[in-house]
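For reference, the structure is listed below as structure tokens.
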Amino acid sequence: MPLVLVAQSAPPPPTGLSGSVTGSTVSLSWSPGAGTPSPYVYVLEVGSTPGASNLVTTAWATSSLVAPNTANGRYFIRVRTATAGGVSNPSNEVTVTVGCSGVPAAPAGMASQVSGNSLSLGWQASSGATGYVLEAGSQSGASDVASAPVGNTTSLSTTAPSGIYYIRVRAVSACGTSAPSNETVAHVGASIPTGNIFGSVDPVILGNCSSATHDAWSVDGGDGYRYRTWHPQVDPSGCVYAHEHGDNPAMSGNAEISAVPPKFGYIGRRHPMAGEPNGHDEAHEGFKVFIANPGDRNDEGRVNRVYSRSVFHMGTGGPKRFNMPHHSAEIRLVHPEFGLKAFTQLMMNTGGVGAVCDPRKPAPVKDVMQLNSPCRLNSGYEIWSTTASVMANGREVYRAFATPAVFDPITVFNPANPTELVYTWDPRVSAIKNFPGDDWSGNRGCDRES
């Protein structure tokens with residue numbers, strides 16, 4: 001009788017894989033696929049991401065497993081059957097989580113600094129993260145240029161080919177991967193044009209930074225102009241500006257809000273006042289960003305329920321501080337409970353100027369240190385109160401109340417001469433303020449809240 005060789009085929013995969021966790025003990029069970037020939041063993045695969053087997057690959061004789069003292073983490077598990085005919089396809093995959101309350105929070109404060117083709121990146125640490133994954137794309141939200149782990153660091157320096165890159169970072173841990181950070185846009189290998197950046201900058205506010213370094217903090221307005229934007233008072237290059245802009249926009253816990261950089265001066269250029277054919281040029285140092293997240297409590301005990309970002313132009317350090325009756329404001333709101341969103345840009349009429357002597361009387365738009373005032377204020381501050389009522393189809397959609405406060409103004413008002421610049425170290429100011437020995441001149445309006 002002739003010898004007939006029959007090739008054995010790979011077995012069917014196991015079925016019904018399930019997993020459960022009690023404390024740090026992981027229990028798994030499954031069934032052999034129908035028609036699985038004997039003898040056979042199982043191959044257990046465990047990975048840190050779906051489909052991966054980077055943590056465990058081991059043979060197992062029975063269709064159940066109990067693993068005590070499992071380290072905290074998130075595990076992706078599947079099982080295969082191995083016979084003389086080969087190894088089966090994988091079973092269904094289960095995910096088990098040990099000792100995890102959730103994935104890390106998205107990193108905040110993502111920022112970039114470019115010098116030629118050298119790129120420096122930095123971000124804030126995310127609690128619980130054991131590493132970070134950097135994503136870079138050729139357009140916003142994309143990761144077609146890079147998506148790679150960078151270790152447990154919050155800064156990175158590298159070289160890159162010339163181009164425009166949209167960059168963000170995610171925090172990773174054994175429990176999973178976070179949502180993306182805010183996105184920074186890096187113009188590598190080409191200087192950012194300064195000729196089409198709208199608005200002028202008083203050199204005195206640059207501190208020991210150069211104009212070119214300062215202008216690197218600009219964003220495309222989509223209208224043929226670039227606009228200067230938020231930057232830290234201490235530049236990543238090490239120089240220090242003589243002005244600040246309030247909160248970092250990336251401090252918002254809402255990714256939609258933090259991903260949109262503020263465009264200082266955009267509203268004024270788009271909505272010029274009478275006699276301003278080239279736009280309403282608001283001094284750069286006057287722009288302040290205020291961030292609030294749900295759960296934040298103000299000094300009156302009120303608890304915030306929405307994500308909000310307000311950008312106000314709060315006066316200037318020059319004579320325009322006294323004769324500019326309108327200032328721009330941008331308000332973004334996201335209500336996490338109801339999914340409501342609002343975005344408003346407007347010009348505030350802040351022309352009402354007056355000192356408040358009686359705290360029982362309603363405050364006007366500004367509460368200011370004012371020369372020739374009939375009363376003596378007992379603190380050096382300004383309060384700018386505004387209400388924005390947004391209408392649609394004849395009815396109010398929402399109303400936003402905003403009250404930014406300045407605790408160390410660098411100039412005061414002189415109603416007798418609105419073009420005069422009166423600094424707080426002026427002897428005339430010393431004569432009306434009520435705090436001997438207090439020198440306001442050092443901070444340039446850097447102590448603000450909303």
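Quick note: the coordinates plus some simple rules give every number you see, no bench work behind them. Please read these numbers as outputs of a predicted model, since none were measured by experiment. Cβ sites come from the backbone with ideal geometry, for glycine too, and all protein chains shown count toward neighbours.
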* **Per-residue Cβ neighbour rank within 10 angstrom, fewest leading, R302, R74, R332** => R302, R74, R332
* Asked: What's the FRET efficiency of V94 with N278 using the Cβ-Cβ distance as r and R₀ = 45 Å, to the nearest 0.05?
  -> 0.10
* Structure fact -> Between N417 and T49, the FRET efficiency computed from the C-beta separation at R0 = 51 Å comes out, to the nearest 0.05, as 0.15
* Report the extension gain between E256 and S162 in nm, rounded to one decimal, defined as 0.36 nm multiplied by the number of residues separating them, less their alpha carbon distance. => 31.0 nm
* To do: Apply the Karplus parameterisation 6.51 cos²θ - 1.76 cosθ + 1.60, with θ equal to phi minus 60°, to every residue of the range 147-154 and state each ³J(HN,Hα) to the nearest whole Hz, in sequence, with x for glycine and proline.
  => 8, 8, x, 10, x, 8, 9, 10
* Per-residue HN-Hα couplings for the range 107-121, Karplus 6.51 cos²θ - 1.76 cosθ + 1.60 at θ = phi - 60°, whole Hz, x for Gly and Pro? -> x, 10, x, 4, 9, 10, 9, 10, 9, x, 9, 8, 10, 10, 10
* Structure fact -> In this structure, the FRET efficiency calculated for S210 and T403 from their beta-carbon separation, with R0 = 60 Å, to the nearest 0.05, is 0.95
* **Taking R269, R309 and counting other C-beta atoms within 10 Å, the order from fewest to most** => R269, R309
* Full-stretch length increase - T130, S18 - with 0.36 nm per residue and alpha-carbon distance subtracted -> 37.5 nm
* To do: Mind checking the full-extension length gain between S155 and N196? Use 0.36 nm per residue of separation minus the Cα-Cα distance, one decimal, nm.
  => 11.7 nm
* Compactness of the range 111-188 - radius of gyration and Dmax, Cα, Å -> 12.0, 38
